[in-house]
Structures are given as structure tokens and as C-alpha cells.
Amino acid sequence: MNIPQSSFPRVVIIGGGFAGLAAAKGLEQQELQVVLIDKHNYHTFQPLLYQVATGGLEPDSIAFPLRKRFNDVENFYFRLAEVVKIHPEKNILETSIGNLDYDELIIATGSTTNFFGNTNIQKNTMEMKSVPQSLNIRSLILENFEEALLTDNIEERNALMNFVIVGGGPTGVELAGALAEMKKGILPKDYPDLDIRQMQINLIQSSGEILKGMSAQASEKAEDFLIKLGVNVWKNLRVLDYDGKTVTTNGIDHFRAETVIWAAGVKGELVEGLQTECLIERAARIKVNEYNQVMNYTNIYAIGDVACMASKKNPYGHPMMAQPAIQQGKLVAKNLLAKLFHKKQKPFVYNDKGAMATIGRNKAVVDLPNWKFQGVFAWFVWMFVHLFSLIGFRNKSVVFLNWVYNYIRFDRETRLIIRPYKSKNQQINF
């Protein structure tokens with residue numbers, strides 16, 4: 001890897017997401033050699049991926065180069081690579097570009113889509129966990145409308161204009177709202193020779209409420225917002241299969257759709273090499289203690305989505321969201337320094353700052369610890385929090401200007417098919 005030997009302890013961080021980035025920030029300018037490894041050379045602000053997928057933002061406005069964030073930090077190294085395996089008995093990390101020894105290891109690999117073992121669904125649905133996947137969705141949406149213009153078959157045209165989103169969490173709700181706004185204000189202008197009224201947006205949730213992790217008040221209001229926007233909200237309905245053409249459910253309702261977006265679950269992104277008793281198989285998460293140390297290891301930590309810190313209050317671990325990841329990243333950096341300098345470590349205590357979701361223009365729901373509110377003010381709060389959380393002045397400025405422009409003009413300028421996407425089960429002839 002061409003990383004020089006150092007008299008300082010070497011700390012290796014796997015993953016440049018919210019958790020890994022927070023840990024790296026906490027360790028900068030210390031008497032350590034810090035190596036950050038990621039398969040991408042940028043940090044992705046995942047909460048805004050749905051806006052890239054629906055043409056509201058450029059992809060580079062929610063991504064920030066990892067090297068740029070640390071280019072003035074001494075004893076910091078970034079390597080673009082995929083981690084293949086951990087060899088804990090040797091303190092060696094095996095990667096796609098070579099091996100690297102470590103003194104302390106922080107696993108912050110985040111999460112990936114959970115298809116719950118259904119290979120058909122995994123093969124035929126769209127994911128939205130990365131910038132490339134969001135661009136694929138954007139291209140497919142627009143390609144479907146281009147193809148709908150060319151067919152005289154009404155059933156085929158309706159299937160091309162039928163969108164199914166599986167999962168009523170924040171990702172599914174926000175994506176459904178964004179598609180509904182495209183249907184209302186943008187697509188009729190782009191495709192005047194199509195009857196956009198025939199476009200269907202279906203949000204399917206297996207339980208009896210959407211935004212299950214939020215308050216009942218937020219769930220009910222979000223559903224009301226979606227229905228008023230024209231979204232078909234299906235509750236207590238489970239998707240069993242999708243063959244690329246038809247969505248099969250456990251009820252009498254089935255959907256013919258060319259685009260199905262899977263937002264129904266996540267699981268940890270595991271790295272091979274840890275003992276099996278350290279892992280929770282179903283959720284693919286790593287068991288950690290209150291200091292985020294991996295079970296049975298003293299110099300390996302796991303933080304963020306991939307870590308499961310079970311307790312009486314959180315028997316299944318903390319929610320797989322940005323805030324727990326950031327807070328764990330900050331604390332593990334402090335604890336690692338405390339450990340190296342023989343000081344007392346602090347156990348992790350999650351500070352729940354609340355949750356929020358936006359459904360569209362002037363429509364959002366916010367749950368704070370002592371205050372719950374919805375509507376226009378919630379929408380402005382949502383925008384401020386997300387804008388403030390972005391990395392880099394340029395990204396903040398670009399996103400803010402895009403939002404102002406979109407609000408005034410009711411437009412989404414980046415509805416471009418830059419990189420055409422073609423599903424294995426779909427033949428498009430232009």
C-alpha cells in the first residue's frame with residue numbers, strides 16, 4: 001500500500017461513511033498514524049440520495065472527496081480499496097491492493113440493502129444506497145417515460161408509468177413524495193403527449209403504519225400528505241416476489257410495474273474474518289460492548305450501522321441511522337486515545353436528537369425529544385438540518401441554490417439520462 005512505517009500506533013478505519021468519518025476527524029492531529037480505507041474516494045450524504053434519483057440535485061453536490069477533507073492532516077493516509085478479510089490473529093488486513101498491518105482497527109463499513117434472502121427481488125428491483133444506484137434509478141425513470149411514448153400497448157404503457165416503492169420508512173416516504181411532485185409539476189411539461197394522470201405511485205408497507213420508528217402523529221400526518229399528493233399507500237401488505245414485470249404480494253393486490261424500488265430493509269456490511277459468535281446473522285451486524293469493542297477482541301472496534309450494541313433499552317442495538325453512527329464515531333476516537341494513553345474510557349450513551357422526514361414541498365414531519373410538529377415549519381427545519389450537515393461550503397451552496405430555484409420555479413433541472421440504465425428484463429429500443 002506504500003504506507004511508511006511509523007513509531008506511532010497505526011489505526012486503520014474501514015469505511016468513510018458517517019461513522020468512519022467521525023472517527024477519523026476525532027483522531028486527526030494526534031500522535032497516531034491513521035489509515036482510512038474505502039471503496040469510493042468520497043463520502044456520500046445518503047439522506048439526500050432520493051433527490052439525486054428524482055433529478056432534484058446533482059450527484060456531486062451530496063458527495064465530498066475524502067482526500068480533500070484530510071489533505072492538510074499529518075500522518076493521515078487514504079487508500080482506495082475493498083477490504084477482503086481481517087486476520088485478527090496477525091493484526092493484518094487483507095485488501096484488494098495488498099495487506100496492511102494495524103495496531104487498532106475500526107470497522108465502519110455501514111449497511112447494505114437487505115432482501116431477506118429473496119433472489120428474484122434482489123435481481124429485479126432497484127436499490128438506493130449509493131450515488132451510482134441513485135443515478136441508475138434516475139435514468140430508468142426517464143427511460144421508462146421515453147419508452148412509454150413509443151408503445152401503443154396500453155397495458156405496457158401503464159406498466160412503464162407504474163412505480164412501486166417497497167418500504168414505508170423515511171427513504172420510501174421521501175422518494176414517493178418526490179415522485180408525486182414530479183408527476184404534478186414536471187412530467188406533464190416534459191411529456192405533453194403522454195397522459196401523466198395514468199402514472200401510479202404505490203408505496204407498500206408490511207406493517208400497519210409508515211415511518212414506524214417515529215410517532216403515531218408523524219406517521220398519520222405523513223400518510224395524509226402522501227395521499228393528498230396522489231400516492232397510493234398500501235399498508236399491511238407484504239411483497240413476496242417480483243419477476244421484473246409483476247409484483248406479487250400476500251394479498252389479493254398485485255402490481256404490474258417496470259420499476260420497483262426496494263427500501264424495505266437494511267443489514268450490516270460485514271467483513272470476513274471475525275469469529276462467528278461475534279456476528280448476528282439475521283441483521284448481519286457485529287456484537288460490540290459499551291465501548292464499541294468487538295466481542296472477543298481488544299483492538300478491534302465496530303461503529304455505526306454494522307455495530308450492534310444490545311442493551312435493555314435497545315435489545316436489537318441502536319437504529320441504523322446517521323446520528324448513532326456519528327456519535328459512536330466521535331466517542332470511539334476519544335476512547336481509543338484514552339486507551340493508548342492509559343486513561344479511563346467512557347461507555348457509549350446514545351443521545352436521541354429526534355427524527356424527521358420530508359414528503360414534499362412545504363410538507364415534512366419532525367419528532368424532537370420534547371416537541372413534535374408537521375407542515376411548513378417542519379419542512380424548513382428539515383432543510384436547515386440537512387443543509388447544515390453537508391460537508392463543504394460548495395456542497396452547502398449548491399444544494400441551497402438548487403432548493404431555492406426548485407422552490408421558485410417548481411422544477412428539477414437535472415432530469416438527465418447521463419448514463420443510460422438498462423434492466424436485464426427490459427429491452428429498450430430508441
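Computed over region 101-153, the P(r) tail beyond 17 angstrom holds 61 percent of alpha carbon pairs. Dipole of the chain computed with +1 at Lys/Arg Cβ and -1 at Asp/Glu Cβ about the Cα centre; of T119, A178, T151, farthest Cα towards the positive end is A178. Computed over every Cα-Cα pair of region 47-103 and binned at 10 Å starting from 0, the pair-distance distribution P(r) comes out as 19, 27, 30, 20, 4 percent.
Put simply, the C-alpha atoms of region 1-137 give a gyration tensor, and the ellipsoid matching it has half-axes of 30, 19, 11 Å, longest first.
Using every Cα-Cα pair within region 90-193, state what percent have a distance larger than 22 Å. That tail contains 51 percent of the Cα-Cα pairs. In this simple spin-label approximation, E277 and H87 carry label points 7 Å from Cα along the Cα→Cβ vector, and these lie 2.4 nm apart.
Sequentially through region 338-349, phi angles give Karplus couplings (6.51, -1.76, 1.60; θ = phi - 60°) of 4, 5, 5, 9, 6, 10, 6, 8, 10, x, 7, 10 Hz, Gly and Pro residues having no value and appearing as x.
Starting from the Cα of N153, step 7 Å along the direction of its Cβ; do the same at D60; then give the gap between the two resulting points in nm. Label at N153, label at D60, 4.1 nm between them.
Solvent-free Debye calculation, one equal scatterer per alpha-carbon of the chain: log10 I(q)/I(0) at 0.07, 0.09 Å⁻¹ equals -0.36, -0.60. For region 196-294, the Cα-based Rg and Dmax, in that order, read 18.3, 54 Å. Across region 340-368, the residues whose backbone nitrogen lies under 18 Å from the label position 7 Å along the beta-carbon direction of I408 are 362.
For the chain, a Gaussian network of Cα nodes joined below 10 Å ranks N362, N314, N335 by mean-square fluctuation, and the top entry is N314. With semi-axes defined as the square roots of five times the eigenvalues of the C-alpha gyration tensor, the equivalent ellipsoid of region 272-370 measures 28, 18, 11 Å, largest first.
The value for region 135-201 of Rg(Cα) / (2.2 N^0.38 Å) is 1.10.
Helix 393-409 and the longest principal axis of the Cα set of the chain meet at an angle near 10°. Give me the number: length gained by fully extending N314 to E94, i.e. 0.36 nm times residue separation minus the C-alpha to C-alpha distance, one decimal in nm. Extra length available between N314 and E94 comes to 75.9 nm. Cross-link pairs exceeding 30 Å in C-alpha to C-alpha distance, out of K68/K212; K212/K330; K39/K267; K39/K212; K123/K228; K123/K334, comprise K68/K212; K39/K212; K123/K228; K123/K334.
Short-range pairs are left out: with C-alpha atoms under 8 Å and at least six residues apart, the relative contact order of region 280-395 is 15 percent. The mean sequence distance of close C-alpha pairs (under 8 Å, at least 6 residues apart), as a share of the length of region 136-213, puts its relative contact order at 38 percent. Give me the log10 of I(q) over I(0) for region 262-310 at q = 0.19, 0.21, 0.22, 0.32 Å⁻¹, as the Debye formula computes it from C-alpha points; what are the numbers? The computed values of log10 I(q)/I(0) come out as -0.54, -0.65, -0.71, -1.37. Measuring between their Cα centroids, region 185-249 and region 285-344 lie 36 Å from each other. Basic side chains Lys and Arg get +1 at the Cβ, acidic Asp and Glu get -1 at the Cβ, and with that the dipole of the chain about its Cα centre reaches some 1020 debye. For the set H40, H318, H254, the ranking by accessible area, highest first and with no ligand, DNA or RNA atoms included, is H254, H40, H318 under a 1.4 Å probe. Binning the alpha carbon pair distances of region 362-422 at 5 angstrom intervals from zero yields the distribution 4, 15, 17, 19, 18, 14, 8, 3, 1, 0, expressed in whole percent. Take the Kirkwood radius over Cα pairs of region 167-245, plug it into Stokes-Einstein at 20 °C and 1.002 mPa s, and you get 159 µm²/s for translational diffusion. Taken over region 290-430, the percentage of Cα pairs per 5 Å bin, counting from 0 up to the bin with the maximum distance, is 2, 7, 12, 13, 12, 12, 12, 11, 9, 5, 3, 1, 0, 0. On the basis of the beta-carbon distance and an R0 of 56 Å, S397 and I252 show a calculated FRET efficiency of 0.65. Kirkwood hydrodynamic radius of region 128-276, from the reciprocal of the average inverse Cα-Cα distance over all distinct pairs: 16.4 Å. Maximal additional length on extending the R238-T119 stretch stands at 41.2 nm, based on 0.36 nm per residue less the C-alpha distance.
The values are calculated or read from the model by the stated rules, or taken from the named source; none is laboratory data. Source: prediction; values computed, not measured. Neighbour counts are summed over all protein chains in view; Cβ atoms, including those assigned to glycine, are modelled from backbone coordinates with ideal geometry. The accessibility values were calculated without ligands, DNA or RNA, using every heavy atom of the protein model including side chains. Shrake-Rupley method; radii C 1.70, N 1.55, O 1.52, S 1.80 Å.
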